[in-house]
Amino acid sequence: MMNCELLATCSALGYLEGDTYHKEPDCLESVKDLIRYLRHEDDTRDVRQQLGAAQILQSDLLPILIQHRQDKPLFDAVIRLMVNLTQPALLCFGSVPKEPSFRHHFLQVLAYLQAYKEAFASEKAFGVLSETLYELLQLGWEERQEEDNLLIERILLLVRNILHVPADLDQEKRIDDDASVHDQLLWAVHLSGLDDLLLFLASSPAEQQWSLHVLEIVSLMFRDQNPEQLAGVGQGRLAQERSTDVAELEVLRQREMAEKKTRALQRGNRHSRFGGSYIVQGLKSIGERDLIFHKGLHNLQNYSSDLGKQPRRVPKRRQAARELSVQRRSALNVRLFLRDFCSEFLENCYNRLMGSVKDHLLREKAQQHDETYYMWALAFFMAFNRAASFRPGLVSETLSVRTFHFIEQNLTNYYEMMLTDRKEAASWARRMHLALKAYQELLATVNEMDMSPDEAVRESSRIIKNNIFYVMEYRELFLALFRKFDERCQPRSFLRDLVETTHLFLKMLERFCRSRGNLVVQNKRKKRKKKKKVLDRPVAPGNVPASAGELEAVWPSLAEQLQCCAQDPELSLDSVVPFDAASEVPVEEQRAEAMVRIQDCLLAGQAPQALTLLRSAREVWPEGDVFGSQDISAEEELQLLKQILCAPLPRQQGPEERGAEEEDEEEEDEEEELQAVQVSEKEFNFPDYLKRFASSAVVRAYVLLLRGYRQNGAHTNHCVVKMLHRLAHDLKMDALLFQLSLFCLFNRLLSDPAAGAYTELVTFAKYILGKFFALAAVNQKAFVELLFWKNTAVVREMAEGYGSLDGGSSSRKPPMWTPEEEAQLQELYLAHKDVEGCGGRHLGSPPFPPWAPSSTDASLRRKGTHIVLWTEDQELELQRLFEEFQDSDDVLGHIMKNITARRSRARIVDKLLALGLVAERRELYKKRRKKLAPSSLVSLSLALQAAPPPPKDVSGGGVGSLSFSAPLLWLQNCLMRVADDREEDGCSQPVPLVPLTEENEEAMENEQFQQLLRKLGVRPPASGQETFWRIPAKLSPTQLRRVAASLSQPEEKLQPGPEPEVPGEQGPEEEHQKEHRSQALRALVLARKKRAGLVSPEEEGAAGEKEQLKMAPRKRQLLDSDEEQEKDEAPESRAPEIQKKKRFQIEDEDESD
């Protein structure tokens, strides 16, 4: 239903009486109101739809345009309104909507546009437009006003919008050689003389500003035309066309004769029950029995197991792309008019217009994606010139190496955008198709120049080919397009043009190589460079203050500026903030940075900013008079600024350097790989280049195109067969085509009644099938290989035998162990395993290196083809290793070091998840230790002061020789210190127990000691972020002292197990333990005296210093060299254990975190 305001506005335009339109007095204001309504329409384009439903353009605007052309203001307003109403639906909605409701509105607007196009198909409307445009073009550039240029542009946009409306094929139902709505529109353009005005705009040097508009209109005029067919209009039927039609008729006749023969051989059936039933041996039914066929034998060849089944629905995202461009033959008079237009355009306009458009594109004066019109015009008019009467001079503007580079650059850009912008992949694929067509036509024109009788033309072609074949990007382009071909967004026509362009390029390249003998081409390769990261980065020169002498020389000029600024009453402090409110550093700690900013302003000569910063900082940080007191005088302020200028202030690193340091901390490796393109020259070898096409991706694309051999043209089928013949015959890689889908296609081709029309295809199919059956007689696995697409390595193995690649002639490959040599080696090992230095002298032949492979493992060396299953013993071993190392920092690393059967990290993680040992992957991540935060230094110092020196483990015993006396004293001291601190501070936080000695660390890992900690109330590590046990915050000082007092009981219960003592062999160990115990007792007594107030600070410092002197050598030895202790131990006395990582500091965390 139409809006009442819109209805009233439309009624005020006027009315049509017969063929005369009577406008109302306020017609102009009504047109302007409609423009205003369109400007404020909603997302559904409701105003546009209501005006289209009311047929305002057909009943009011077109009559006003035709009959009231003299009223210039009304004419201009009607043109503006028409341009807005005929705007393409894609521009109105941005893209084709996916939501059903918006898609309905989109289709409705498109239907109204098609009605507008049909209404414009009259000579009168275009006659008025052409007359107005002719009058405006008669004016010189000095006589034209801005309104005249706007009217010219609006007329061109209106013509563009009308021609842009797509045809409704279902509604028109036009056949070839019939006049469609678009043909009627073109005929109206021709009768009105608008085509001559377009040619004038394209050829006139003074009208270059309309170049892109003209090119867009011309491209829309020839949207459905074929340049080759258009060039032959009016010259009678060519011999090639006649032969093509005869071949098509012959194919249809052969298929019809085959169907008649099949129907004649069928027997008449009285009833289905009397047709007989048959058992098909070798073809199973649903069960295990053979299939029972209830129809006649003549129907058996048409049997399929898929009969009666519901076809599987293909998801929309996997459906093949549809063809959008449809070519048809227009009416004869329209084609004659378009042919003459093309001839005049080539002779008078092409070179100048294309040069102007190229200049607009390079200078970025055009709109986005306007280069697609340039590429369409290049492909269309060069093809027309090549098919009509080939004259290279008519297209000389686009026949150059620079044009090749421009097309290749855009084609590569579209290719990359199609891979990255997946939402708009179909649009990028259409643009890439246009670029490919332009590239194909450039190659076809250069190939046509080779056959020219003019020597100069052939020399120009040779120069262009020499430049094109030399550059590597032009040769690699087709390989990249084949490898990334995606039928979901690229239609079958793109693949057809790609195959034909590749065929033409290879034919030209092969001929050029034969004529030259040797061809030198450019070669580029990426060279990897390893660059050490710079750890000591120099300070930026802008942050380094000058010398003292330079500062003294600069100060007088700064002092004068500062004195002037100090006396300025308008100096404002509101616009300067001396701190960064968004920084993580508190405002109180940003004083040093503010001082540095003041110094930077003075060094840069910005005296007002420095003075303003100083006064603002004084207001923010008044404490301590760091920036001067509140009642500071002007002279004192100058002296303070001078001191700041000359002071050696500590400067922080810039954000780039800090970011670089953070990146260094995150990355474990200190090397980065840089890729540099190395350009060189080499002699070109055509067979080697052809081998690049021997890949499954290329063959799959060719087979996909070959499936539609009935719809393909003869030239397309020839291009496909030629490439496959190059791979199978020339490169001797016929096994590359041994694929089941291709053989099914060959079967369909050979059983086709019209196979006689595809002689080349049939011959090639028989050749490939013969090669396959010859190979299958030797290699029975060839039938299995039919199921897979193959690469060159598999093809070679199929022909030469499996394992031939591993047993190549490379001298670097190690010798192989035979089964006899393996048995001999095992026998010698069992016989001499207890004898030292037996070596390899007992072997019959010179010993093999330890890395020599086994003959039994020959089939396992090919990567990606061997799947090793986990045995039960291996699973038990993995479970045992996980339970052993699950409390360590790097569980996965320890398992990989100790597991017997070597496997990758991913396989071990997957097996741990499958066994249910871990719930998720992050439980296996390596636990990282954080640096100590300043706030936890105080709490951690308790454990550092109370830690006693560790005893030397001379005997090298394990857990069985562990004594808990020193760990218990250390734990008791930690508890007492924490109780004292909680009494003094009045608050409690979790305190980690950090064992800094090896003895305390081993005790913390002992199960009995951990049980004791749990009974005492000490909390174990909560998650992967924590490493140490913690004294919880809920324990009060009284409870902590009670727990510490309970540890004074005898420790015999906690000993892991007594060992028999040998008299006279443990004197040094006993003395060391006694000394260790006495030192711990002295520390405990000193702590209790301090709590009771019996020790002076001097005595405490002396005792602590003495204790530190005793502990320092041993602690430094522990932290610096754990490896030296392992070297000192006897090899046979060492138990296999994991080297523990040094723990230095750990960040304290609250339980609330």
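The values are calculated or read from the model by the stated rules, or taken from the named source; none is laboratory data. Not measured: the values here are computed from a predicted model. When we count neighbours, we look across all protein chains shown, and the Cβ atoms used for this are built from the backbone with ideal geometry, even at glycine. Just so you know, the surface numbers come from the protein's heavy atoms only, side chains and all, with ligands and any DNA or RNA stripped out. Shrake-Rupley method; radii C 1.70, N 1.55, O 1.52, S 1.80 Å.
Remarks
- The set of residues in segment 1003-1034 that are part of a helix (DSSP H, G or I) and of a type in the set (A, V, I, L, M) comprises A1003, M1004, L1012, L1013, L1016.
- Inter-residue pairs, beta-carbon under 8 Å, first open to solvent by less than 90 Å² (accessible area, probe 1.4 Å) and in segment 195-209, second of a type outside the set (S, T, Y) and outside any helix (DSSP H, G or I), 6+ apart: L199/C349; A202/C349; S203/C349; A206/W141
- Condition check for L91: at pLDDT 90 or above and not hydroxyl-bearing (S, T, Y): no
- Options V357, V401; residue that is closer than 22 Å to E448 by Cβ and at pLDDT 90 or above: V401
- The condition of being open to solvent by 60 Å² or more (accessible area, probe 1.4 Å), closer than 30 Å to R253 by Cβ and modelled with pLDDT under 90 does not hold for S809.
- Any hit, segment 763-774, residues being over 16 Å from A728 (Cα atoms), of a type in the set (F, W, Y) and assigned to a helix (DSSP H, G or I): no
- Residue match in segment 1015-1024 (condition: among the hydrophobic types (A, V, I, L, M, F, W, C), at pLDDT below 85 and loosely packed, with under 14 Cβ neighbours inside 10 Å): yes
Conditions (1) within 24 Å of P392 (Cα to Cα); (2) more than 47 Å from the chain's Cα centre (by Cα); (3) not polar (S, T, N, Q), marked per residue:
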site: H294; (1), (2), (3): no, yes, yes
site: G308; (1), (2), (3): no, no, yes
site: L324; (1), (2), (3): no, no, yes
site: S330; (1), (2), (3): no, no, no
site: D370; (1), (2), (3): no, no, yes
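- Yes/no for D148 being surrounded by fewer than 16 Cβ atoms within 10 Å (Cβ to Cβ) and outside the structural domain of R80 (by the TED database): no
- Residue in segment 984-1002 that is open to solvent by 30 Å² or more (accessible area, probe 1.4 Å), touching a helix residue (DSSP H, G or I) at 6+ places or on another chain (Cβ under 9 Å), assigned by the TED database to the domain that holds R1041 and not in a helix (DSSP H, G or I) present: yes
- Residue within segment 498-516 that is more than 19 Å from R692 (Cα to Cα), open to solvent by 70 Å² or more (accessible area, probe 1.4 Å) and of a type in the set (S, T, N, Q) present: yes
- Count - residues of segment 690-705 that are open to solvent by less than 10 Å² (accessible area, probe 1.4 Å) and not small (G, A, S): 7
- Verdict on C27 being touching a Lys or Arg at 6+ places or on another chain (Cβ under 6 Å) and open to solvent by less than 50 Å² (accessible area, probe 1.4 Å): no
- Candidate set: segment 339-357, residues that are without any contact (Cβ under 8 Å) to a residue 60 or more places away in the chain and acidic (D, E); chosen: the one least open to solvent (accessible area, probe 1.4 Å): D340
- Members of segment 142-168 found to be of a type in the set (A, V, I, L, M, F, W, C), closer than 15 Å to E216 by Cα and within 42 Å of the chain's Cα centre (by Cα), listed by number: L156, L157, L158, V159, I162, L163, V165
- Residue in segment 872-903 that is modelled with the lowest pLDDT, counting only those that are outside any helix (DSSP H, G or I) and open to solvent by 70 Å² or more (accessible area, probe 1.4 Å): R902
- Within segment 431-519, helices (runs of 4 or more DSSP H) holding 1 or more residues that are farther than 14 Å from E408 by Cα and either assigned by the TED database to the domain that holds Q368 or among the acidic types (D, E) (or both): 455-470, 492-516
- Scanning segment 1-15 for residues that are open to solvent by less than 90 Å² (accessible area, probe 1.4 Å) and part of a strand (DSSP E or B) returns a single hit, G14.
- Screening Q49 with (1) without any contact (Cβ under 8 Å) to a residue 60 or more places away in the chain; (2) assigned to a helix (DSSP H, G or I); (3) not hydrophobic (A, V, I, L, M, F, W, C) gives one miss only, at (1).
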